[in-house]
Amino acid sequence: MTVRITYPNVPKDLFAAMMHVENFVNSCGFSTILLELIRLRVSQINNCAYCIDMHYKEAVAAGETPLRLYSLSVWRDTDYYDAKEQAALAWCEAITAIHGNNAFDELFAEMQKHFKDSEIAHLILAITQINSWTRLTKSFGFPPGRYQAGSH
């Protein structure tokens, strides 16, 4: 992997803007586990090795089990995730792989069984945010494997 923009060379205002949104998302009242499941699943979909490394480690640090984490890409084939998590994972997949997805009404209806509209809006922001992070990280070429949980 070629590093195209090193971490110290990322514009400070860009990082500050991203962290402002990140801090807002983290303060919306969702469990760290739910947010990290969403972040890890989006990172898997986007094939971002750096973000997969980060969010796996953050989820473990938050108390998530390795079984649920390494099974996340096949969550539909397990019984490890509750209905609320399943709705959020299906929604994050739809928002991430938006092209050609025609199931938004059904997925939104399922989300409304578990979340208020304001929570759904905040989850959409969380999903959008991790999608932005994966695109930046892949574009910059940040190498995976060096992230330490709690360091962001």
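Read the figures in this text as sums done on the coordinates, not as results from a lab. Model, not experiment: these values are computed from the prediction. Please note: Cβ atoms are built from the backbone with ideal geometry, for glycine as well, and neighbour counts cover all protein chains shown.
What the table below lists for this structure:
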{"item": "Extension gain, TYR7 back to ILE33 (0.36 nm per residue minus Cα-Cα distance, nm)", "result": "6.7 nm"}
{"item": "Size of charge dipole - the range 1-60 - debye, nearest 20, with Cβ of Lys, Arg +1 and Asp, Glu -1, no other charges", "result": "120 debye"}
{"item": "Residue (of ASN9, TYR80, ALA61) at the positive-pole extreme of the range 1-122, dipole from beta-carbon charges", "result": "ASN9"}
{"item": "Dipole magnitude of the chain about its Cα centre (Cβ charges: Lys, Arg +1; Asp, Glu -1), debye to nearest 20", "result": "600 debye"}
{"item": "The range 98-152, dipole about Cα centre (Lys/Arg Cβ +1, Asp/Glu Cβ -1), debye to the nearest 20", "result": "420 debye"}
{"item": "Computed label-point distance, nm, for sites PHE108 and VAL74 using a 7 Å Cα→Cβ extension", "result": "3.3 nm"}
{"item": "Radius ratio Rg over Rh of the range 1-48, counting only Cα atoms, Kirkwood formula for Rh", "result": "1.06"}
{"item": "The chain: angle of helix 49-61 to the longest principal axis, Cα-based, in degrees nearest 10", "result": "70 degrees"}
{"item": "Summed residue charge, Cβ within 14 Å of ILE5's Cβ, Lys/Arg positive, Asp/Glu negative", "result": "+4"}
{"item": "Where only C-alpha atoms are counted, convex hull volume of the range 11-140 per residue in Å³", "result": "111 Å³"}
{"item": "Compactness relative to 2.2 N^0.38 Å, alpha carbon Rg of the range 83-142", "result": "1.21"}
{"item": "Spatially proximal lysines relative to LYS57 (Cα-Cα < 24 Å; intrachain offsets below 8 disregarded)", "result": "LYS84, LYS138"}
